[in-house]
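Trainee: Here it is, the structure, as structure tokens.
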4 protein chains.
Amino acid sequence: MSLRKKLYEIIFEADTPAGKAFDVVLLLIILASIVLVMLESVVGINQQYGETLHILEWVITIFFSIEYILRIAVVRKPWTYILSFYGIIDLLAVLPTYLSLIVVGSHSLMVIRAIRLLRVFRILKLSRFTQAGQNLGKALWSSREKIFVFFFFVVNLVIIVGTLMYLIEGPEHGFKSIPASIYWAIVTMTTVGYGDISPETPTGQLLASFVMIVGYAIIAVPTGIVTSEIIRGSRDTNTQVCPHCLYDQHDNDALYCKKCGGRLNEDN
Amino acid sequence: MSLRKKLYEIIFEADTPAGKAFDVVLLLIILASIVLVMLESVVGINQQYGETLHILEWVITIFFSIEYILRIAVVRKPWTYILSFYGIIDLLAVLPTYLSLIVVGSHSLMVIRAIRLLRVFRILKLSRFTQAGQNLGKALWSSREKIFVFFFFVVNLVIIVGTLMYLIEGPEHGFKSIPASIYWAIVTMTTVGYGDISPETPTGQLLASFVMIVGYAIIAVPTGIVTSEIIRGSRDTNTQVCPHCLYDQHDNDALYCKKCGGRLNEDN
Amino acid sequence: MSLRKKLYEIIFEADTPAGKAFDVVLLLIILASIVLVMLESVVGINQQYGETLHILEWVITIFFSIEYILRIAVVRKPWTYILSFYGIIDLLAVLPTYLSLIVVGSHSLMVIRAIRLLRVFRILKLSRFTQAGQNLGKALWSSREKIFVFFFFVVNLVIIVGTLMYLIEGPEHGFKSIPASIYWAIVTMTTVGYGDISPETPTGQLLASFVMIVGYAIIAVPTGIVTSEIIRGSRDTNTQVCPHCLYDQHDNDALYCKKCGGRLNEDN
Amino acid sequence: MSLRKKLYEIIFEADTPAGKAFDVVLLLIILASIVLVMLESVVGINQQYGETLHILEWVITIFFSIEYILRIAVVRKPWTYILSFYGIIDLLAVLPTYLSLIVVGSHSLMVIRAIRLLRVFRILKLSRFTQAGQNLGKALWSSREKIFVFFFFVVNLVIIVGTLMYLIEGPEHGFKSIPASIYWAIVTMTTVGYGDISPETPTGQLLASFVMIVGYAIIAVPTGIVTSEIIRGSRDTNTQVCPHCLYDQHDNDALYCKKCGGRLNEDN
């Protein structure tokens, strides 16, 4: 086996001991680099250990750069990798540090490396999690129209309520402008409720109460939509195919094809 | 084809390229006019560009007015349009600007134009979204009795808890009056929690803890109601019974019984 | 028909026009009396109209007292009424005002009259709402064990988290005592989040983040329990009784009794 | 019956009157000891009754110690008990007080005694609650992959949003460091919303609005997952098929097919 093939197995796959070890080390370094950026942003720590952290950051970045170049070198179709989701993330993971030589502060963008942690699924039993993720995605996707209608309604409500509050409370009670009032309406409707802006006039508090109760009821709608889709998605359909008409969406308890009436295989 | 008919097609329909283009332009202008009102309410921007924004507002209002008049002119039954939902919204969209000549500040009501954005559904594949909206509406409507009972319970709880807190905490801890305390109870029960009013005595905090836990449990009820209705509404089964084996849980698209393979009645 | 029987029909029933009118008037007076208590608690209004509100309060209380005495007088079994749910509420509705002659401030308890509004269901189509209420109640009742286990878990979590935060943050950051810290834990776990107490040390914020995410996930549990019960409860069972073995919990689509195999009546 | 056997019955079982009485007394003492720790942490109470509380604490601790030693003495396999869940909790319940002789403040850890309250299930009809608890646990366990994928997504989102807010708002608006900003992101996403840190720049408020709406939608996902699992787990149907008509949606308690009246197989 050529060196290139061996490297490919180590870097891209997780079936061999060496490949698995590489992925585990990679994950640890990714985690370390995220913790690094966080520590660097804490004033006290930065003043004391700034120098060390800076050096470590460059060490990791150079390691990632080499890894990126190796990946391009050993893969059979480099451009497919470069333009793939993982390829773009791998590039974005090293860019911020180099960019910080030009633009001050941009190196915080390094936290985009968090997305690289997705590789964790390669070490775990991959397919089950991918399956779970896809099922969730499918459930959300098949309810996209209801969710769109729902958000359209929420956006409209938030704009109108925000403007009304601006007219009722006005800049003297913290509702400085219509956008700020819409921000308040979102904070309230989603039940976050910072309290940085809150109505002070009785009329404003009455409208706010109304908004809260509506928001409380409204949260039931997306929950209902998503739950309904997840339940539908988890219903037991199986993978058997009708031998007569090739239809393949049969319920688990089906004995005959619902499309052509043909008998399904019994050994399923 | 007469000019009137042509105009009708452009303004009211979205099937021809001209009609679609008109709708897209209209949506953009509606969006622009909403952004306009928002910007005008921001003090800094208003001081600098107030003049320009004011002129733009009138330009758009006059455009909408002409559009409104054209709509009345080209439609076959003007009164049906004028009194329809869209007709009233179209009128309300232009009134605030004219009204602002008489009543100061009323032009902010222009944000009602946001509702005009509903026209977006005409450009998208209309029917699927209408269907989604109707299904949601139906789910909410068929659970109206449960929701009514639920809100009756919540309103009673909020009134009684609010009064108790007024007696326990009193005006010296921010619970200035019973309505203000009810406002607090709503803010708490819906888990918004601004923190502008919050209990300070141990007894008050104990009652508040109780209210929060009840509120936490209570949110499960409307969610359960709506989810249950959405699931019931989204079931794809119909009421036909297999004439051969009496099985009756057939999918909507079933032609043959999945249990015995018999042909289902075709007149369903 | 005797006067007593006529009065009974007017006061207790809502089928005759007079009975219906009486109930509507009663509801309006109840609402008025609740609004009255609220207005009285607002300092500004009380100073100006205190005298008038005070007189109105006594007028309504005397009206309710007469109504209560009449109810006892016309009903066939007075003690059954007096000790019934409605009888106790009717008494509690008049007591606070009389009590206020002795104990200052106690008249605010008048808001208990809000519960009298339950009579609204007598005017509306009674049975459907009672049905809806009972279904909700049944759903909650049949999940009582799961809910009990769940709350036991939450209470334990809140006590332990509260104590940990007291040890971590201490009185100098607002966590004055363990009960106060438990109050904070409840405020946080239920996602109310007033912000009157909030962690300031990094360790405290880390634990708080953990509590929030757990609380966020935990809300899914009661929702799931209640939704599951509501769905189960709304399944279409009907009221037909098996003529052979008297079993009465048949699904809507049942043709034969699932207990004895006997044919069910076909005219259902 | 030997003394040891008698003691075993009283201490470990709850079937005899003496055993039940012992468990009830034990629960009351556990509750008392938890209240004790709480009261001790309240400054005012501690100053006045500190001495008494301190003595009571030692009395209860010695009682628990004796109980613990007795349990070891009377049980047949002491090590099995000592290493069991309950054995460890029983030990942890007495340790903090002894520890407080060495480490100041550690006696607050006594609240771990709250877990001992689990014994309450022994007095109540044990099995039904255990069943309820196990069903909940099973529902959560069987959705572990979806929940893992979900939290992975949330953690990533929170890290990236936190960093962006740190860059947008910066230390001068309270976003002191990236960890602090991530803390803010968690507070916001879970809709807790303390308001101790809140965005002040328009860009920050825009991003915050986006995060809130996403968080609002996202809560639907775990709810949907858990609800779906609880519903699946609580279904009362089994897998038996009617040998006469092949209908297969029978309730667990069905003896005859509800469709054709045929006898179901008895060996299910």
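Trainee: If you check every pair at least six apart or on different chains, which have Cβ atoms under 9 Å apart with a residue in the stretch A:30-55 that is not assigned by TED's automatic domain parsing to the domain that holds A:L101 first and a residue that is part of a helix (DSSP H, G or I) and of a type in the set (S, T, Y) second?
Mentor: From the stretch A:30-55, no pairs qualify.
Trainee: I'm trying to understand the selection: among the residues of the stretch D:178-199, which are in contact with a His (Cβ under 9 Å, 6 or more places away or on another chain) and within 8 Å of chain A (Cβ to nearest Cβ)?
Mentor: The one that is in contact with a His (Cβ under 9 Å, 6 or more places away or on another chain) and within 8 Å of chain A (Cβ to nearest Cβ): D:S198.
Trainee: Here's another thing I want to ask about it. Quick check on the stretch D:216-230: of everything there that is at the interface with another protein chain (Cβ under 7 Å from one of its Cβ atoms) and surrounded by fewer than 24 Cβ atoms within 10 Å (Cβ to Cβ), which residue is modelled with the highest pLDDT?
Mentor: D:Y216
Trainee: Between B:T52, B:T163, B:T61, B:T97, which is surrounded by 17 or more Cβ atoms within 10 Å (Cβ to Cβ), away from chain C (no Cβ under 14 Å) and either out of contact with any His (no Cβ under 6 Å at 6 or more places or on another chain) or among the aliphatic types (A, V, I, L, M) (or both)?
Mentor: Every option except B:T61 fails the conditions.
Trainee: Is it true that C:F153 is under 23 Å from D:G137 (Cα atoms) and either surrounded by 23 or more Cβ atoms within 10 Å (Cβ to Cβ) or within 35 Å of the chain's Cα centre (by Cα) (or both)?
Mentor: When the stated conditions are applied, C:F153 passes them.
Trainee: Scanning for something surrounded by fewer than 24 Cβ atoms within 10 Å (Cβ to Cβ), within 9 Å of another protein chain (Cβ to nearest Cβ) and either assigned to a loop (DSSP other than H, G, I, E, B) or at pLDDT 75 or above (or both), does the stretch C:235-246 turn up at least one residue?
Mentor: no
Trainee: Just one of (1) modelled with pLDDT of 70 or more; (2) at the interface with chain A (Cβ under 8 Å from one of its Cβ atoms); (3) within 27 Å of A:K146 (Cα to Cα) trips up B:D251, so point out which.
Mentor: (1)
Trainee: So C:G174 passes all but one of these: (1) surrounded by 20 or more Cβ atoms within 10 Å (Cβ to Cβ); (2) under 24 Å from D:K176 (Cα atoms). Which condition number does it fail?
Mentor: The failed condition is (1).
Trainee: A further question on this structure: Which residue pairs have Cβ atoms closer than 9 Å, lie 6 or more positions apart in sequence or on different chains, and pair a first residue in the stretch A:144-160 that is farther than 18 Å from B:I89 by Cβ and facing chain B (nearest Cβ under 9 Å) with a second residue that is crowded, with 19+ Cβ neighbours inside 10 Å and acidic (D, E)?
Mentor: Between residues of the stretch A:144-160 that are farther than 18 Å from B:I89 by Cβ and facing chain B (nearest Cβ under 9 Å) and residues that are crowded, with 19+ Cβ neighbours inside 10 Å and acidic (D, E), the close pairs are A:K146/A:E229.
Trainee: Now for a separate question. Please go through (1) within 28 Å of the chain's Cα centre (by Cα); (2) at pLDDT 85 or above for B:H54 and return the number of the only condition it doesn't satisfy.
Mentor: Going through the list (1) within 28 Å of the chain's Cα centre (by Cα); (2) at pLDDT 85 or above, B:H54 breaks only (1).
The values are calculated or read from the model by the stated rules, or taken from the named source; none is laboratory data. Here the structure is a predicted model, which is why all the values come from computation and not from measurement. Counting neighbours? That spans all protein chains shown, and the Cβs are built from the backbone with ideal geometry, glycine included.
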